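Structure first, commentary second.
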Amino acid sequence: MRSILTALAATTIMTGAAFADGHALSGDLKIVSDMSNPAPRAVMEGLVADFGAMHPDLSIELEVVDREAWKTQIRNSLTANPPDVINWYAANRMGPYVNAGLLEDVSDVWAEIEGLDAVKGALTIDDKQWGVPYTYYQWGIYYREDIFAEYGLTEPTTWEEEKANCQVLLDNGVKCYTIGTKFLWTAGGWFDYMNMRTNGFDFHMALAQGEVEWTDERVRQTFANWRELIDMGAFIDDHQNYSWQEALPFMLNGEAAAYLMGNFAVAPLREGGLSDDQLDFYQFPVINPDVEMGEDAPTDTFHIPAGATNKDAAREFLKFVVSADVQTKINAGDALGQLPVNANSSVDDDEFLNQGFEMLSENATGGIAQFFDRDFPAEMAAAGMEGLQEFMVFPDNLEDILQRLEQTRQRVYAN
């Protein structure tokens with residue numbers, strides 16, 4: 001029985017209801033989605049309705065599950081009576097299911113699409129692609145443009161300029177950065193950027209895959225660069241006591257000038273009273289000019305389970321959701337409010353979405369990382385983020401931290 005509640009009119013995103021050889025899609029297509037919050041759920045229902053309108057002989061069943069619950073249910077769902085399409089994440093979050101033979105190789109789908117090169121690496125294992133992206137969002141430095149103007153500061157492009165700006169702020173009683181590390185993951189964002197800017201994206205990914213020792217001198221250099229800011233007093237005091245949301249008021253009231261964070265921080269900063277004349281964004285600056293600029297851009301994805309029964313229809317659905325027009329539509333401000341991955345898409349007339357889209361599609365020449373706790377295996381990520389927070393509070397503990405992380409690396413990647 002068809003589960004679509006509304007039939008939306010076919011739009012310009014439609015590419016036809018049949019394969020090139022002329023046979024139409026038919027049978028049943030089951031989709032399980034974790035887009036359970038109201039706006040994402042509406043997007044998912046709209047995708048199913050539009051795709052169903054294109055393929056009237058196809059019976060589509062959409063099951064929406066709670067996002068947190070899906071994290072524990074996905075393996076069972078892929079193993080026992082799997083659906084035809086699922087939502088999940090790129091990079092290391094995808095890896096265990098690829099390695100277990102539970103996801104379908106969709107390299108043939110990638111051969112027919114374009115505009116997704118920025119994240120291809122995050123969906124590639126053993127030179128094959130195992131899913132497609134439908135949305136991502138940028139990370140970078142959000143800052144108080146009015147405070148910068150007050151002290152004659154401009155957006156830095158180099159590490160020396162970043163530190164010089166920071167010193168001016170500190171000399172005037174303003175912390176350079178707010179951050180809340182109570183739940184650890186925000187420290188992971190700082191490490192991602194420090195490491196990618198010091199050693200490059202490929203090195204960062206090699207560390208995430210267990211191929212580099214935590215006691216490697218190149219990793220030590222990452223921490224040495226980071227410590228320059230810590231020793232300056234660049235971060236707000238007692239950040240280990242705050243969540244990321246609880247750290248926002250320091251920027252809102254002008255006690256701190258900037259926040260390294262994902263684009264999801266813009267809404268609460270605006271809601272907290274900052275206008276777009278007070279708020280701006282810049283790409284994390286160059287530390288080592290010999291490495292290209294890698295960026296954190298967590299990417300949400302669609303996959304076909306290896307045990308799917310209607311793989312023809314599933315492949316067509318994947319091609320549909322990565323098309324430029326569809327990605328423009330579903331990432332609009334009244335929908336997901338994030339960024340389309342397809343470089344041929346367009347974005348709403350929003351200052352930060354436009355800056356993020358340009359940065360990721362044109363300036364992220366090093367590669368797209370998925371964030372510390374997605375790129376590293378779960379046990380390594382947990383130990384790593386705990387160590388990173390400890391370093392930010394007690395930088396003199398670095399040697400003990402690196403030794404512990406190296407012991408964890410040897411255990412985790414040996415399994």
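The values are calculated or read from the model by the stated rules, or taken from the named source; none is laboratory data. Computed from a predicted model, the values in this text were never measured in an experiment. Glycine gets a Cβ as well: all are built from the backbone with ideal geometry, and neighbour counts include every protein chain shown. Surface accessibility is based on the protein's heavy atoms, side chains included, excluding ligands, DNA and RNA. Shrake-Rupley method; radii C 1.70, N 1.55, O 1.52, S 1.80 Å.
Could you tell me how many of the residues in the range 376-404 are open to solvent by 10 Å² or more (accessible area, probe 1.4 Å) and under 26 Å from G121 (Cα atoms)?
The qualifying residues number 6.
Restricting attention to the range 46-54, does a residue exist that is in contact (Cβ under 8 Å) with a residue 60 or more places away in the chain, out of contact with any Gly (no Cβ under 9 Å at 6 or more places or on another chain) and surrounded by fewer than 20 Cβ atoms within 10 Å (Cβ to Cβ)?
Looking for residues that are in contact (Cβ under 8 Å) with a residue 60 or more places away in the chain, out of contact with any Gly (no Cβ under 9 Å at 6 or more places or on another chain) and surrounded by fewer than 20 Cβ atoms within 10 Å (Cβ to Cβ), one finds at least one in the range 46-54, hence yes.
Quick one: in the range 232-251, of everything that is open to solvent by less than 50 Å² (accessible area, probe 1.4 Å) and not in a loop (DSSP other than H, G, I, E, B), which residue is farthest from F281 (Cα to Cα)?
H239
Filtering the range 70-92 down to residues that are closer than 15 Å to F302 by Cα and among the small types (G, A, S), which residue is surrounded by the most Cβ atoms within 10 Å (Cβ to Cβ)?
It comes out as A90.
Can you name every one of the helices (runs of 4 or more DSSP H) wholly within the range 368-415 that holds 1 or more residues which are without any contact (Cβ under 8 Å) to a residue 24 or more places away in the chain and more than 26 Å from the chain's Cα centre (by Cα)?
Numbers: elements: 372-375, 378-393, 398-412.
Fully inside the range 368-415 and qualifying: 398-412.
Identify, please: which residue in the range 168-197 is of a type outside the set (D, E, K, R), open to solvent by 10 Å² or more (accessible area, probe 1.4 Å) and part of a helix (DSSP H, G or I) and is, among those, nearest to I236 (Cα to Cα)?
Among residues in the range 168-197 that are of a type outside the set (D, E, K, R), open to solvent by 10 Å² or more (accessible area, probe 1.4 Å) and part of a helix (DSSP H, G or I), the one nearest to I236 (Cα to Cα) is L170.
Return the pairs, sorted by first residue and then second, in which the second residue is in a helix (DSSP H, G or I) and open to solvent by less than 40 Å² (accessible area, probe 1.4 Å), the first residue lies in the range 200-213 and is of a type in the set (G, A, S), the beta carbons are less than 7 Å apart, and the residues are 6+ apart or on different chains.
Sorted first by the residue in the range 200-213, then by its partner, the pairs are A208/D375; G210/R409; G210/V412.
Taking the conditions exactly as written (in contact (Cβ under 8 Å) with a residue 60 or more places away in the chain and either over 20 Å from E114 (Cα atoms) or open to solvent by 10 Å² or more (accessible area, probe 1.4 Å) (or both)), does G337 satisfy them or not?
yes
Only one of A258, A267 is of a type outside the set (S, T, N, Q), under 23 Å from the mean Cα position of the chain (by Cα) and farther than 26 Å from F394 by Cα; which?
A267
Any chance you could count how many residues in the range 172-186 are closer than 18 Å to Y143 by Cα, of a type outside the set (S, T, N, Q) and touching a residue at least 24 places away in the same chain (Cβ under 8 Å)?
6
Output the number of the condition that Q278 fails; it satisfies all remaining conditions of (1) closer than 30 Å to S59 by Cβ; (2) open to solvent by 40 Å² or more (accessible area, probe 1.4 Å); (3) out of contact with any Gly (no Cβ under 9 Å at 6 or more places or on another chain).
Unmet for Q278, out of (1) closer than 30 Å to S59 by Cβ; (2) open to solvent by 40 Å² or more (accessible area, probe 1.4 Å); (3) out of contact with any Gly (no Cβ under 9 Å at 6 or more places or on another chain): (1).
Have a look at A256, A308 and point out the one that is over 29 Å from G131 (Cα atoms), surrounded by 19 or more Cβ atoms within 10 Å (Cβ to Cβ) and at pLDDT 95 or above.
Residue meeting the stated conditions: A256.
Confirm whether T299 is among the β-branched types (V, I, T) and open to solvent by 10 Å² or more (accessible area, probe 1.4 Å).
No; evaluated as a whole, the condition is false for this residue.
When you go through (1) open to solvent by less than 20 Å² (accessible area, probe 1.4 Å); (2) more than 16 Å from Y282 (Cα to Cα) one by one for G356, which number turns out not to apply?
For G356, the exception is condition (2).
Quick check on my filter: what residues within the range 200-224 are open to solvent by 20 Å² or more (accessible area, probe 1.4 Å), of a type in the set (S, T, N, Q) and over 20 Å from the mean Cα position of the chain (by Cα)?
T215, Q221
Could you tell me whether the range 93-107 includes any residue that is crowded, with 17+ Cβ neighbours inside 10 Å, over 19 Å from R374 (Cα atoms) and touching an Asp or Glu at 6+ places or on another chain (Cβ under 9 Å)?
No, the range 93-107 has no match at all.
Scanning for something part of a loop (DSSP other than H, G, I, E, B), at pLDDT below 95, over 30 Å from A256 (Cα atoms) and open to solvent by 50 Å² or more (accessible area, probe 1.4 Å), does the range 55-69 turn up at least one residue? Walk me through how you get there before you give the answer.
Kept after step one, since they are part of a loop (DSSP other than H, G, I, E, B), are these residues of the range 55-69: 55-57, 65-66.
Next, from what is left, pick out any that are at pLDDT below 95: 66.
Subset that is over 30 Å from A256 (Cα atoms): 66.
Then drop every residue that is not open to solvent by 50 Å² or more (accessible area, probe 1.4 Å), which leaves 66.
Yes - at least one qualifying residue is present in the range 55-69.
Please go through the range 358-367 and pick out each residue that is touching a residue at least 60 places away in the same chain (Cβ under 8 Å) and assigned to a helix (DSSP H, G or I).
M359, L360, S361, N363
In the range 121-131, how many residues are under 24 Å from M196 (Cα atoms) and open to solvent by less than 10 Å² (accessible area, probe 1.4 Å)?
Residues in the range 121-131 being under 24 Å from M196 (Cα atoms) and open to solvent by less than 10 Å² (accessible area, probe 1.4 Å): 1 in total.
Consider L229 against the criteria (1) farther than 30 Å from G333 by Cβ; (2) open to solvent by 20 Å² or more (accessible area, probe 1.4 Å); (3) not small (G, A, S): it satisfies all of them except one. Which criterion is unmet?
The single condition L229 does not satisfy is (2).
Hey, can you tell me all the residues within the range 74-117 that are touching a Phe, Trp or Tyr at 6+ places or on another chain (Cβ under 9 Å) and closer than 23 Å to E45 by Cα?
Within the range 74-117, I74, S77, L78, D84, V85, I86, N87, W88, A90 qualify.
Could you please find all residues in the range 137-167 being open to solvent by 30 Å² or more (accessible area, probe 1.4 Å), assigned to a helix (DSSP H, G or I) and among the acidic types (D, E)?
E145, D146, E150, E160, E161
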